[in-house]
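Input: a single structure, listed below in structure tokens.
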Amino acid sequence: MIVDLRSVLHAPRHFNFTLEGDWWQGNGEDDQVLGLDGPVEATLSISKAGAEYVLEGRLSGTIRLRCDRCLEPYPRDLKCDFRLCQTSGPSESEPSEVELSEEDLAVDFVTEEQIDLDGIFREQIYLSLPMKSLCREDCLGLCPVCGADLNKVKCECQPEKGHPGFSKLRDLRFKGV
Ligand SMILES: [Zn+2]
Ligand SMILES: [Zn+2]
């Protein structure tokens with residue numbers, strides 16, 4: 001959904017959306033986010049503060065991720081609050097005096113006049129992802145020899161279990177895939 005920023009010049013606007021499962025558009029097969037796991041509630045307020053547009057929003061629901069270790073999909077709670085600022089006016093204008101935190105720089109989806117709300121929400125979902133996506137803390141991952149999902153089966157080739165050095169190697173191995 002595209003919002004015309006000029007519509008908030010005089011008064012803030014508030015939006016409430018329910019993002020349904022088919023809303024999600026991923027980045028292809030390697031995407032860590034597989035989709036929404038049920039509807040996600042999204043709220044957003046857009047206001048003008050001085051020379052800036054301020055976007056404050058919240059996403060809450062459940063998303064479906066792929067586990068880095070066992071590669072299985074799993075649901076993960078999505079709860080994120082965000083605040084973005086966009087300086088109005090041409091982009092070649094003087095840098096804003098306001099110091100922008102890294103979070104504030106996520107303004108790719110805002111142009112001078114318009115905001116792509118779907119793009120904002122999608123980006124916030126990516127930003128909310130954990131460094132390491134695990135279906136559970138103690139996920140056993142895949143056997144590096146035969147590829148069996150060790151959460152479900154015990155294969156014959158399983159080396160001494162619980163060796164800490166080994167589980168590190170395993171993580172590295174599947175991160176690169
Ligand atoms: Zn897992
Ligand atoms: Zn095996």
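In region 86-105, is there at least one residue being at pLDDT below 60 and within 14 Å of ligand 1 (Cβ to nearest atom)? Among the residues of region 86-105, not one is at pLDDT below 60 and within 14 Å of ligand 1 (Cβ to nearest atom), which makes the answer no.
Scanning region 20-47 for residues that are open to solvent by 10 Å² or more (accessible area, probe 1.4 Å) and in contact with a Pro (Cβ under 8 Å, 6 or more places away or on another chain) turns up 20, 21, 34, 37, 45, 47.
Of the residues that sit in region 68-78 and are out of contact with any Lys or Arg (no Cβ under 8 Å at 6 or more places or on another chain) and more than 16 Å from ligand 2 (Cβ to nearest atom), which one is most open to solvent (accessible area, probe 1.4 Å)?
Quick first cut of region 68-78, residues out of contact with any Lys or Arg (no Cβ under 8 Å at 6 or more places or on another chain) only: 70-71, 77-78.
Pick out the ones that are also more than 16 Å from ligand 2 (Cβ to nearest atom) and you get 77-78.
On the way: 77: 120, 78: 2 Å².
Once the filter is applied, the top-ranked residue is 77.
Which residues, counting only those in region 48-67, are in contact (Cβ under 8 Å) with a residue 40 or more places away in the chain, open to solvent by 10 Å² or more (accessible area, probe 1.4 Å) and within 28 Å of residue 139 (Cβ to Cβ)? Hits for region 48-67 are 61, 66.
For region 115-124, indicate whether the set of residues that are on the phi > 0 side of the Ramachandran plot, at pLDDT below 95 and open to solvent by 30 Å² or more (accessible area, probe 1.4 Å) is non-empty. Walk me through how you get there before you give the answer.
Of the residues in region 115-124, the ones on the phi > 0 side of the Ramachandran plot are none.
Checked region 115-124: no residue is on the phi > 0 side of the Ramachandran plot, at pLDDT below 95 and open to solvent by 30 Å² or more (accessible area, probe 1.4 Å).
What are the residues in region 137-157 that are within 13 Å of ligand 1 (Cβ to nearest atom) and in contact (Cβ under 8 Å) with a residue 24 or more places away in the chain, if any? 139, 140, 141, 142, 149, 150, 151, listed by residue number.
Considering only residues in region 125-135 that are open to solvent by 40 Å² or more (accessible area, probe 1.4 Å) and at pLDDT below 95, the one that is nearest to ligand 2 (Cβ to nearest atom) turns out to be 132.
The values are calculated or read from the model by the stated rules, or taken from the named source; none is laboratory data. Remember, predicted model here, so these are calculated numbers, not experimental data. No Cβ is skipped: glycine too gets one built from the backbone with ideal geometry, and neighbour counts run over all protein chains shown. SASA here: full protein model, heavy atoms, side chains in, ligands and nucleic acids out. Shrake-Rupley method; radii C 1.70, N 1.55, O 1.52, S 1.80 Å.
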